[in-house]
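Read-outs: derived from the displayed coordinates by stated rules, not from any lab. As the structure is a prediction and not an experimental result, all values here were calculated from the model. A quick note on method: Cβ atoms are made from the backbone with ideal geometry, for glycine too, and the neighbour counts reach across all protein chains shown.
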Amino acid sequence: MFTLENATIASVQAAVSRGELSYRKLAMMYLERIAQIDSCKGGFNSVLEVNPDALPLAEAMDNERRQGKIRGPLHGIPILLKDNIDTADKMQTTAGALALAGHFAKKDAKIVKHLRKAGCVILGKANMTEFANYMTEDMPNGYSSRGGQVISTISPETDASGSSTGSAVAVAANLCVVSVGTETCGSIISPAMVQEIVGIKPTAGLVNGKGIIPISATLDTAGPMARTVEDCVLLLEGLTGRSYSQYLQAEGLKGLRVGVYNKEEPRTEILAALTQSGAVIVKDIPAISPQEPWRDFGHHISKHEFKRCMDHYLSSGSGPIKTLQDIVDFNEAHKDAALKHGQTVLLECLNESSGKLTEPEYIQALTLREEARHSLNKIFEDYGVDVLLCPDEETGIAPLTGFPAGTIPKDMYFITRPHDEETLIRAMYGASNWSKISTS
């Protein structure tokens, strides 16, 4: 019998095939659950806005199925999108900012077009750390001036992590089947780790970023979040239009050479399980040490690209906010509501970036990134490894170099070479099979 808790894409489609469930009924079940445990007093506050057309969209998918048209595995599947992803419908796209309240996108983001074509039912927008945690140094993870504070499913006292906070919490709380987050420097991987779900940060550039409120054209990417590797991969297919399901292999780890950093090895039982699954463990992988700390040169890239990218995004909107300067001015004019935690980063971007991308600091940061990319590639080559298993403090490597990465529960964080999502999926799926057995 189908139950909403821990529903997967496969279990939904099986229940619909049995006649036990309809997509409209499923959407209604999620809307009821959101009202009961998320948007109520003391709730998780992970869903910023519900799509008023969710039920008609779901019913349309039911009608198509009755007519023999099934678009694929995502047909009729309810999904939540981070609030920085454009949808040309009755929902706003604000990146959690009061300054952008009332902003309705004229066009769907490119990835939203893909998801609609795949048959997804867009259930709503997920709350997030305002401007993807690029507003102020003192912004708590999961807080936005428009949406308030997201609460972790682990405990109210736990930092829910950011900036795709609502996307992660909503999945962990069973408020949707899958969700979409975005990442510049750990914003998919980190909240997925904390909420004990699955997240994939694809290779930079693999997922089309058009129609997503930006930070950095160099570093930004959208990515899938789900409770299982299978669902994460199916959503990745929906986001990219590429096929990855064939890499969901039960013995995916067999023969893979897994590199382990010497800085901090994973727990002994994890290495033992990976070995039992057929992986070859390569220890004492050296940590990458660029001339500046990871987040420093990543911030230099973002700081100089943010103004240019944001101004370009805002220039095509119909509202009064057309530039980053307009956002700063709005916030100053509405301090009590909009600046609970300040806007130090926004001011830094305005004051230190010309938007021309010619500043020496910016060029030097790009140079350091290329050196880091080269060094990371060299580790794969010199040690003959297929995948790296990294400790928590190394999670900044993948987003700042553009390498693909993924996390599964039990704190396993994998990195593979650019455009090698195949190996990443094999490692994640093989490791997740062990994880399921060990916790059963």
Once phi for every residue in segment 348-363 is put through the Karplus expression 6.51 cos²θ - 1.76 cosθ + 1.60 (θ = phi - 60°), the whole-Hz ³J(HN,Hα) values, with Gly and Pro written as x, are 4, 5, 5, 7, 10, 10, 7, x, 8, 6, 10, 5, x, 4, 5, 5
Taking 0.36 nm per intervening residue step and subtracting the Cα-Cα distance, what contour gain separates N63 from N377 on full extension? 108.1 nm
Enumerate the aspartates and glutamates that K41 could reach by cross-link, defined here as Cα to Cα under 15 Å, with residues fewer than 8 away along the same chain left out. E32
From the P(r) of the chain, could you give the percentage of C-alpha pairs in the tail past 35 Å? 26 percent
Listed residue (I79, N331, G406) projecting farthest to the positive dipole end of the chain, Cβ model: I79
Compactness of segment 51-145, expressed as Rg and Dmax over alpha-carbon positions, Å: 15.3, 53
If you stretched the chain out fully between E137 and D336, how much longer would it get, using 0.36 nm times the residue separation minus the C-alpha to C-alpha distance? 69.9 nm
Using θ = phi - 60° and the Karplus form 6.51 cos²θ - 1.76 cosθ + 1.60, what ³J(HN,Hα) does each residue of segment 91-97 get, whole Hz, x for Gly and Pro? 9, 7, 10, 10, 6, x, 9
Given an 8 Å cut-off on Cα distances and at least 6 residues of separation, report the relative contact order of the chain as a percent. 16 percent
Two-site FRET efficiency, E157 against D411, from Cβ-Cβ distance with R₀ of 22 Å, rounded to 0.05: 0.65
Of the cross-linked pairs K106/K322; K110/K356; K113/K322; K378/K410, which ones have a Cα-Cα span greater than 20 Å in the structure shown? K110/K356; K113/K322; K378/K410
Separation between the S316 and A10 pseudo-spin-labels, each 7 Å from Cα along Cα→Cβ, expressed in nm? 3.9 nm
How big is segment 154-267 by the Kirkwood estimate over distinct Cα pairs, in Å? 15.2 Å
Please list the non-local residues whose amide H lies under 5 Å from the amide H of G259, H modeled 1.01 Å from N, same-chain partners needing a gap of 5 or more. V282, D386, V387, L388, L389
Three principal axis extents, largest first, for the C-alpha atoms of segment 9-247, in Å? 53, 39, 34
Calculate the length of the line joining the C-alpha centroid of segment 104-173 to that of segment 1-60, in whole Å. 18 Å
Sequence-separation-based contact order of segment 82-227, relative, with Cα cut under 8 Å and 6+ spacing, percent: 22 percent
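Taking the beta-carbon count within 10 Å as an exposure proxy, list L31, L271, L235 from fewest neighbours to most.
L271, L31, L235
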If amide H atoms are built 1.01 Å from N in the plane of the peptide, which residues on other chains or at least 5 residues away come under 5 Å of the amide H of H103? T93
Estimated inter-spin distance, N351 and D53, nm [label 7 Å along Cα→Cβ]: 4.4 nm
Placing each pseudo-label 7 Å from Cα in the direction of the beta carbon, A272 and K106 end up separated by a distance in nanometres of 6.2 nm
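Taking neighbour counts of Cβ atoms within 10 Å as a proxy for exposure, in what order, fewest first, do S187, S163 appear?
Placing the least packed residue first, the sequence is S187, S163.
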If R0 = 30 Å, then E20 and K41, at their Cβ-Cβ distance, give a FRET efficiency to the nearest 0.05 of 0.35
Taking 0.36 nm per residue of separation and subtracting the Cα-Cα distance, what length does fully extending M28 through E422 add? 138.3 nm
